[in-house]
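Notes for the one structure printed next.
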Amino acid sequence: MDIGVSTASLYPLHVEDAFSELVKLGVKNAEIFANATCEAREPIVSQICELRDSNNMKITSFHPFSSPMESVFVFSDYDRRIAEMTELYREFFGTMKRFGAKIFVIHGAILSSKCTPEHYIKQFRMLAEAGREYGVTVAQENVSYCLSGKLEFLKRMKRELGEYAGFVLDLKQARRSGEDPLDYVDALGESIVHCHFSDADADRDCLPIGNGCYDFLPLVQKLFSRGFDGAFIVELYRSNYGEFSELKSSVERLSEIVEKCR
């Protein structure tokens, strides 16, 4: 079972510096969050790959900075923008192949967009088919301010996309949507391929693992019962914790929880 940290948790460090910090912490699995196009190109890709190989690291997933643009590019009805973003995402898929990453995380269209469910599902399948050419699974994250923030919408995606449906369960976003993460597992089951984990308490919806009061055991047990074999990635905002060592502590606590559920 892969348990790691997203480089997004160390923003605004440049991605190669964030990855290096994770190496120093002894974290063995990482999600790469590219905050600029150049971070998916040379020479940065080679720098990350060298760090990965020399420290026995694994890169599980890739999250592009371009998520806020997906509404007006991928999920628009303007052919040139769609083609432009699809070409960029194909480049990212190629980078993922070098990283060995299998999961490509998208947010999709925001709630205020004019994208219909029918068009959204068609465009998602187009991206999913492109990803498969590179051995990549395009996975929809539940995001509170996007269409994907509604569980009913995700259930429709699963129903209509079939084998092309892949989902990222993000706990902090589920909380912000007012949804119970357990309901996502009940509804999406084996189509959940990746997880972004964080803790929470009554006042804060995103904390290091163990710093809140969320009971992870029922969730992890339910995921395993539905055949989950993806990665558990700690994803925090930089304002949610103090020292980088809290990221490693989060991985250790999450590892203990997972062990109890095996």
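Note on segment 22-56: residues that are outside any loop (DSSP other than H, G, I, E, B) and surrounded by 14 or more Cβ atoms within 10 Å (Cβ to Cβ) total 18.
Residues of segment 111-127 being open to solvent by less than 60 Å² (accessible area, probe 1.4 Å), in contact with a helix residue (DSSP H, G or I) (Cβ under 9 Å, 6 or more places away or on another chain) and either of a type in the set (D, E, K, R) or farther than 19 Å from ALA40 by Cβ (or both), which ones? Across segment 111-127, the qualifying residues are SER113, CYS115, PRO117, TYR120, ILE121, GLN123, PHE124, MET126. Residues of segment 57-66 being surrounded by 17 or more Cβ atoms within 10 Å (Cβ to Cβ) and under 15 Å from THR7 (Cβ atoms), which ones? Listed by number, the residues that qualify are MET57, ILE59, THR60, SER61, PHE62, HIS63, PRO64. For segment 230-262, residues that are of a type in the set (Gly, Ala, Ser) and either touching a helix residue (DSSP H, G or I) at 6+ places or on another chain (Cβ under 6 Å) or more than 16 Å from LYS28 (Cβ to Cβ) (or both) total 2.
Every residue, every condition in (1) β-branched (Val, Ile, Thr); (2) open to solvent by 10 Å² or more (accessible area, probe 1.4 Å); (3) within 24 Å of CYS213 (Cβ to Cβ), yes or no:
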{"residue": "HIS107", "(1), (2), (3)": "no, yes, no"}
{"residue": "VAL138", "(1), (2), (3)": "yes, no, no"}
{"residue": "ASN142", "(1), (2), (3)": "no, no, yes"}
{"residue": "GLU152", "(1), (2), (3)": "no, yes, no"}
{"residue": "ARG156", "(1), (2), (3)": "no, yes, no"}
{"residue": "ARG176", "(1), (2), (3)": "no, yes, yes"}
{"residue": "ASP180", "(1), (2), (3)": "no, yes, yes"}
{"residue": "ALA187", "(1), (2), (3)": "no, yes, no"}
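Of all residues in segment 68-107, those that are modelled with pLDDT under 95 and touching a Gly at 6+ places or on another chain (Cβ under 7 Å) total 0. Identify the residue in segment 222-245 that is more than 20 Å from the chain's Cα centre (by Cα) and part of a helix (DSSP H, G or I) and, among all such residues, is nearest to ALA8 (Cα to Cα). Applying the filter and picking the extreme gives SER245.
Taking first residues from segment 220-248 that are farther than 21 Å from ASP183 by Cβ and partners that are open to solvent by 40 Å² or more (accessible area, probe 1.4 Å) and part of a loop (DSSP other than H, G, I, E, B), the Cβ contacts under 6 Å between residues at least 6 apart in sequence or on separate chains come to ARG238/TYR11. On the stretch given as segment 77-93, residues that are in contact with a helix residue (DSSP H, G or I) (Cβ under 9 Å, 6 or more places away or on another chain), outside any loop (DSSP other than H, G, I, E, B) and either of a type in the set (Asp, Glu) or open to solvent by less than 60 Å² (accessible area, probe 1.4 Å) (or both) total 8. PRO218 passes every criterion in (1) of a type outside the set (Lys, Arg); (2) assigned to a helix (DSSP H, G or I); (3) over 22 Å from LEU151 (Cα atoms) apart from (3).
The values are calculated or read from the model by the stated rules, or taken from the named source; none is laboratory data. What you are looking at is a predicted structure, and each value in this text was computed from that prediction instead of being measured. Positions of Cβ are backbone-derived with ideal geometry, glycine not excepted, and every protein chain shown enters the neighbour counts. The area values use the complete protein model at the heavy-atom level, side chains included, leaving out ligands, DNA and RNA. Shrake-Rupley method; radii C 1.70, N 1.55, O 1.52, S 1.80 Å.
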